[in-house]
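A short write-up of the structure that comes next.
Since every read-out is calculated from the coordinates, none of them should be taken as a lab result. All values derive from a computational prediction rather than experimental measurement. All Cβ positions, glycine included, derive from the backbone under ideal geometry; neighbour counts span all protein chains shown.
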Amino acid sequence: MLGVPRGENGLVEGVRRGGIVAATTLFIVMAACGSPRPPSPKAAATISSRCPDLSKADELAAFDFAKEYQLSRDAADKLKAAALAAMEIGLLADKLDAELGIACSQIAHDLANKGDLRSGNEACGAAIKAVHDVRAKLSPKVTASLVVRVPVCSVDASLMTKCASICDSSVPAGRVKADCEQKAGRCDGNCDGICEAKIATKCDGICNGTCEGTIKGTCGGRCKGTCDGKPSSGACAGVCSGTCERGATSAECKGMCSGSCKLKGPGICDGLCAGTCSVELTDAKCAGEFKTPDVSTDCRARCELQAINQTECSTPQVGIVISGAGGRDRETAETMKTAVDKSFPALMKILFEVGDKGGKRVLNAQAVIEGARKGFPDMALSGGKATAAASEAQLAKCFDEAFKKAEAMAATVKTSLDQAQGVKEEATK
């Protein structure tokens, strides 16, 4: 029998054999478990092939432009604001084409043109010519002026705040609140401002509308009584004291007023109160300009356009005062007055809903859309060089043609507004 090694040589031999066994064991364990693997490479960002529906505000508001197209937050906000502005331009273009088409066609047909006017621009162009031609038949001494009952116009009081919160994600919620300068609603207390009554009512103030009784003020129809102190039975370009037939007034009314009443002081209003109320207004809407929210100019341009599209005005009463029309001018003047009194309420309603700043706001929105379209390369690069080419291609695919179309529509809308204003101005030259 062999013995166990002893002494120094025996100890070394034991260690050597033990080391071999340990090394062999470690090799077997490592082979069984496998060697450590390098970490998997991070998946590359991809560009979505989705295009949002540019006709649906809710879809555009919910669409994640930054995630879908790998854009920075600022670039995504700019693109969203432009897409929403393009949608608003389309809505306004359709509205004006329909409503101006009706109003201007009526004027053109009543005065001269009996043809088929197919668009708002075509109709308003014909109306301008028709009014101009009738005015040219009147002698230079004949003057004309409009008496317009300014309507109460209103829009959802929360519109601007909601809009601003959608198209500028960089601004905290507390800074997008956009209060309006004046509100309108039902007043169960005393109204201080303008009262637009549901039915003819007594007006302790200035009646803007028609007065069933005696007046003292402006008459857009036939003044029977005195005009600037002189006996009158026709048109009056000054202060009419008496009765006003066939026309709107802006006068003190000693009778029943149909329209709106600018109250002398706080009083009961059985209708819509535009101003302040001794108690909180019910169903309050914004009846004036919104205070500008603290958001980007791109976002603001879209929101101002949305406010135009959603503003509703009551139909104003309009009368034209034609003075100095005697003899041969009388029949022509009467023809013009009849046409204007019938057609201008609809025309003026549109102009009030768009507002004095409407044309400028359309051009602001056009600039936002054009700037976004030309900025596709920079937008795409904002998400990184790796995805820039694919992102730019997708932006062009989804938005290039739509934005070009919106830019062209904005130019058409601006022309429509200019022509509508032109019809009004031509009648009072």
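Below, the figures for the structure above:
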read-out: Point-to-point label distance, Arg328-Lys254, nm (Cα→Cβ direction, 7 Å offset); value: 4.2
read-out: Partner aspartates and glutamates for Lys183 [C-alpha distance under 18 Å; skip if fewer than 8 residues away on the same chain]; value: Asp156, Asp192, Glu196, Asp270, Glu280, Asp283, Glu289, Glu304, Glu312, Glu353
read-out: Per-q log10 I(q)/I(0), segment 99-228, q = 0.20 Å⁻¹ (Debye; single scatterer per alpha-carbon; no solvent); value: -1.12
read-out: Along principal axes, Cα extents of the chain, largest first, whole Å; value: 154, 52, 25
read-out: For segment 197-286: lysine pairs under 16 Å (alpha-carbon distance), excluding those fewer than 8 apart on one chain; value: 13
read-out: Difference of contour (0.36 nm per residue) and Cα-Cα distance, Lys129 to Asp94; value: 10.2 nm
read-out: Residues Arg118, Arg373, Arg330, Arg149 arranged by fewest to most Cβ contacts within 10 Å; value: Arg118, Arg330, Arg373, Arg149
read-out: Cβ-based net charge around Gly189, under 13 Å, with every Lys or Arg adding one and every Asp or Glu removing one; value: -3
read-out: Debye, to nearest 20: dipole size of the chain, +1 on Lys, Arg Cβ, -1 on Asp, Glu Cβ; value: 380
read-out: Point-charge dipole on Cβ atoms (K/R +1, D/E -1) for segment 273-317, about Cα centre, debye to 20; value: 60
read-out: Sequence-distant residues sharing a close amide H with Cys236 (under 5 Å, placed H); value: Cys223
read-out: Residue among Gln317, Leu363, Ser170 farthest towards the positive dipole end of the chain, charges placed on Cβ; value: Leu363
read-out: Non-local Lys pairs in segment 350-429, i.e. 8 or more apart or on different chains, that have alpha carbons under 27 Å apart; value: 24
read-out: Estimated FRET transfer efficiency when R0 is 56 angstrom, pair Lys385-Ser158 (beta carbons, to 0.05); value: 0.85
read-out: Rounded FRET efficiency, nearest 0.05, which uses the C-beta distance separating Lys360 from Ala136 and R0 of 25 Å; value: 0.20
read-out: Residue-count net charge about Gly221 - beta-carbon cut-off 10 Å; Lys, Arg +1, Asp, Glu -1; value: +2
read-out: Proximal charge balance of Cys398 [Cβ under 10 Å; K/R count +1, D/E count -1]; value: -1
read-out: Computed lengthening from Thr276 to Arg246, 0.36 nm per intervening residue step minus Cα-Cα distance; value: 7.6 nm
read-out: At 1.567 mPa s and 4 °C, Stokes diffusion of segment 323-429 via Kirkwood alpha-carbon radius, µm² per second; value: 74
read-out: Convex hull of Cα atoms in segment 244-324, direction-averaged projection (nm²); value: 9.4
read-out: Cys180 long-range amide H proximity, modeled H, under 5 Å; value: Lys291
read-out: Karplus (6.51, -1.76, 1.60) ³J(HN,Hα), θ = phi - 60°, over segment 56-61, in Hz, Gly and Pro reported as x; value: 10, 4, 5, 5, 5, 5
read-out: Point-to-point label distance, Lys56-Arg73, nm (Cα→Cβ direction, 7 Å offset); value: 2.7
read-out: Charge dipole of the chain about the Cα centre (unit charges at C-beta), most positive-ward option of Pro151, Leu347, Ala274; value: Leu347
read-out: Per-residue Cβ neighbour rank within 10 angstrom, fewest leading, His132, His109; value: His132, His109
read-out: Debye log10 I(q)/I(0) for segment 336-386, one point scatterer per Cα, at q = 0.21, 0.27, 0.32 Å⁻¹; value: -0.81, -0.95, -1.06
read-out: Residues Cys286, Cys253 arranged by fewest to most Cβ contacts within 10 Å; value: Cys286, Cys253
read-out: Helix-only CD estimate at 222 nm, as mean residue ellipticity for the chain, using -39500 (n - 2.57) per DSSP H run (n ≥ 4); value: -16000 deg cm²/dmol
read-out: Computed lengthening from Arg186 to Thr46, 0.36 nm per intervening residue step minus Cα-Cα distance; value: 45.0 nm
read-out: Computed magnitude of the charge dipole of segment 164-277 (debye, nearest 20; Cβ of K, R +1, Cβ of D, E -1); value: 300
read-out: Value of relative contact order over the chain, rounded to a whole percent, pairs C-alpha under 8 Å and six or more apart; value: 23
read-out: Between segment 85-147 and segment 348-420, the Cα center-to-center distance that results, in Å; value: 27
